[in-house]
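Below is one structure, written out as structure tokens; the observations come after it.
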């Protein structure tokens with residue numbers, strides 16, 4: 001199962017440089033294997049609404065959760081000590097530590113373009129590494 005980092009979703013939504021790689025990954029991967037953190041979900045909402053792309057956000061919500069079967073997962077307040085410990089251990093910022101902690105707790109592979117995860121003990125993948 002996979003935890004898709006915020007940058008993967010935004011790459012696709014905003015049709016950035018690697019959006020075709022992301023589209024191929026999303027097209028060929030069973031949706032029930034895909035997870036998004038609550039942190040990423042709200043970050044994407046903030047980002048799109050700030051850019052006045054509210055309709056794009058609602059399409060995202062519809063595609064993932066209403067018509068789709070992507071899993072929304074989160075950390076609980078009792079998990080914050082793990083998040084802080086991981087942040088210190090691997091020198092991660094809050095959002096990367098959030099993703100890392102979720103991935104570790106749920107035995108998920110992180111799909112991300114963020115090389116900060118390479119400092120950790122998990123095996124980060126990019127979409128093309130999965131589909132190739």
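The values are calculated or read from the model by the stated rules, or taken from the named source; none is laboratory data. Bear in mind the structure is a predicted one, so any value in this text is a computation, not a measurement. Neighbour counts run over all protein chains shown; Cβ positions are idealised from the backbone, glycine included.
What to note about this one:
- In the stretch 103-116, the residues that are in contact (Cβ under 8 Å) with a residue 24 or more places away in the chain and either over 20 Å from residue 11 (Cβ atoms) or in contact with a helix residue (DSSP H, G or I) (Cβ under 8 Å, 6 or more places away or on another chain) (or both): 105, 106, 107, 108, 109, 110, 111, 112, 113, 114, 116
- Across the stretch 88-102, the number of residues qualifying as surrounded by fewer than 18 Cβ atoms within 10 Å (Cβ to Cβ) and either in contact with a strand residue (DSSP E or B) (Cβ under 8 Å, 6 or more places away or on another chain) or over 18 Å from residue 8 (Cβ atoms) (or both) comes to 5.
- A search for C-beta distances below 9 Å between a residue of the stretch 64-78 that is at negative phi and surrounded by 11 or more Cβ atoms within 10 Å (Cβ to Cβ) and any residue that is assigned to a loop (DSSP other than H, G, I, E, B) and at pLDDT 95 or above, counting only pairs 6+ apart in sequence or on different chains, returns 64/70; 69/30; 71/1; 73/108.
- Sole exception among (1) touching a strand residue (DSSP E or B) at 6+ places or on another chain (Cβ under 9 Å); (2) surrounded by fewer than 15 Cβ atoms within 10 Å (Cβ to Cβ); (3) more than 17 Å from residue 8 (Cα to Cα) for residue 84, by number: (1)
- Of the residues examined, residue 36 is not one that is in contact (Cβ under 8 Å) with a residue 60 or more places away in the chain and surrounded by 15 or more Cβ atoms within 10 Å (Cβ to Cβ).
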